[in-house]
1. With respect to LEU157, determine if the residue is assigned to a helix (DSSP H, G or I), within 22 Å of the chain's Cα centre (by Cα), without any contact (Cβ under 8 Å) to a residue 40 or more places away in the chain and surrounded by 12 or more Cβ atoms within 10 Å (Cβ to Cβ).
2. Taking ALA191 as meeting all but one of (1) part of a helix (DSSP H, G or I); (2) out of contact with any Leu (no Cβ under 7 Å at 6 or more places or on another chain), write down the number of the exception.
3. I'd like the residue in the range 27-50 that is within 22 Å of the chain's Cα centre (by Cα) and surrounded by 20 or more Cβ atoms within 10 Å (Cβ to Cβ) and, out of all such residues, is farthest from ARG9 (Cα to Cα).
4. Out of VAL106, VAL184, VAL139, VAL120, I need the residue that is crowded, with 18+ Cβ neighbours inside 10 Å and more than 19 Å from the chain's Cα centre (by Cα). Which one?
5. What's the number of the only condition in (1) hydroxyl-bearing (Ser, Thr, Tyr); (2) assigned to a helix (DSSP H, G or I); (3) modelled with pLDDT of 95 or more; (4) assigned by TED's automatic domain parsing to the domain that holds ARG178 that THR152 fails to meet?
6. ALA110 is checked against (1) modelled with pLDDT of 95 or more; (2) closer than 30 Å to MET189 by Cβ and fails just one. What number does that condition carry?
7. Out of (1) touching a residue at least 24 places away in the same chain (Cβ under 8 Å); (2) out of contact with any Leu (no Cβ under 9 Å at 6 or more places or on another chain); (3) not assigned by TED's automatic domain parsing to the domain that holds THR170, the odd one out for GLY49 is which?
8. Has the range 130-146 got at least one residue that is closer than 17 Å to GLU90 by Cα and of a type outside the set (A, V, I, L, M)?
Amino acid sequence: MARRRAFDRDEALDRALHAFWRHGYEVTSVAELTAVMGIRPPSLYAAFGDKQRLFEETLRRYQETYGAFTTRALAEEPTARQAVERILYEAAAEYTDPGHPHGCMVISAAVNCGPESSEVEERLRLARESAKAALRERVERDVTAGLLPPSTDAAALATYYAATIQGMSTQARDGAGRDELEQVAALAMRAWPEG
């Protein structure tokens, strides 16, 4: 008969998520993870595998919770412009929420990693590229539908807004408030091509 875990796995996962989000993948040690999770190393390995697998699980959780606003906006808004505007304003709110670390975990969790963390770096790079591709695809749909001029460079537009979102994350980590980031969002929307 299997022994019952003596800790709440979901709560421990959330605590690990916040540690990785706050400090990044490489700097966050197993000792720090077990301390914030309230478990011993054998329990971490038994429940989550190694540090990298734990990080991958926290990343999925982040994308399904805190980071899901981008996917929702792209799916729910009737135009690419409305979706991008909503993403920018929701990023301003989410990235500065005092209830969790500032910025975006996908953008900041693997900055300046060494070669031993290259798989994590690549996983996060692919997540950012996937988000940019989703922006591009949404813009392309509006070009096809005649909502944007045929000359619209969807790839360049997606790259511009992805760079804006990434910059907003960095600014939030550096202490920018929601009002400042909303000003960035308003300025960024001026670059949107007229239909």
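The values are calculated or read from the model by the stated rules, or taken from the named source; none is laboratory data. Predicted model only: the values in this text are computed from it and were never measured. Counting neighbours? That spans all protein chains shown, and the Cβs are built from the backbone with ideal geometry, glycine included.
1. So LEU157 fits the description; yes.
2. ALA191 satisfies all of (1) part of a helix (DSSP H, G or I); (2) out of contact with any Leu (no Cβ under 7 Å at 6 or more places or on another chain) except (1).
3. Among those residues, the one meeting the criterion is THR28.
4. Within the list VAL106, VAL184, VAL139, VAL120, the selection yields VAL139.
5. (2)
6. Result: ALA110 passes all but (1).
7. In the conditions (1) touching a residue at least 24 places away in the same chain (Cβ under 8 Å); (2) out of contact with any Leu (no Cβ under 9 Å at 6 or more places or on another chain); (3) not assigned by TED's automatic domain parsing to the domain that holds THR170, GLY49 misses (1) alone.
8. Yes, the range 130-146 contains a residue that is closer than 17 Å to GLU90 by Cα and of a type outside the set (A, V, I, L, M).
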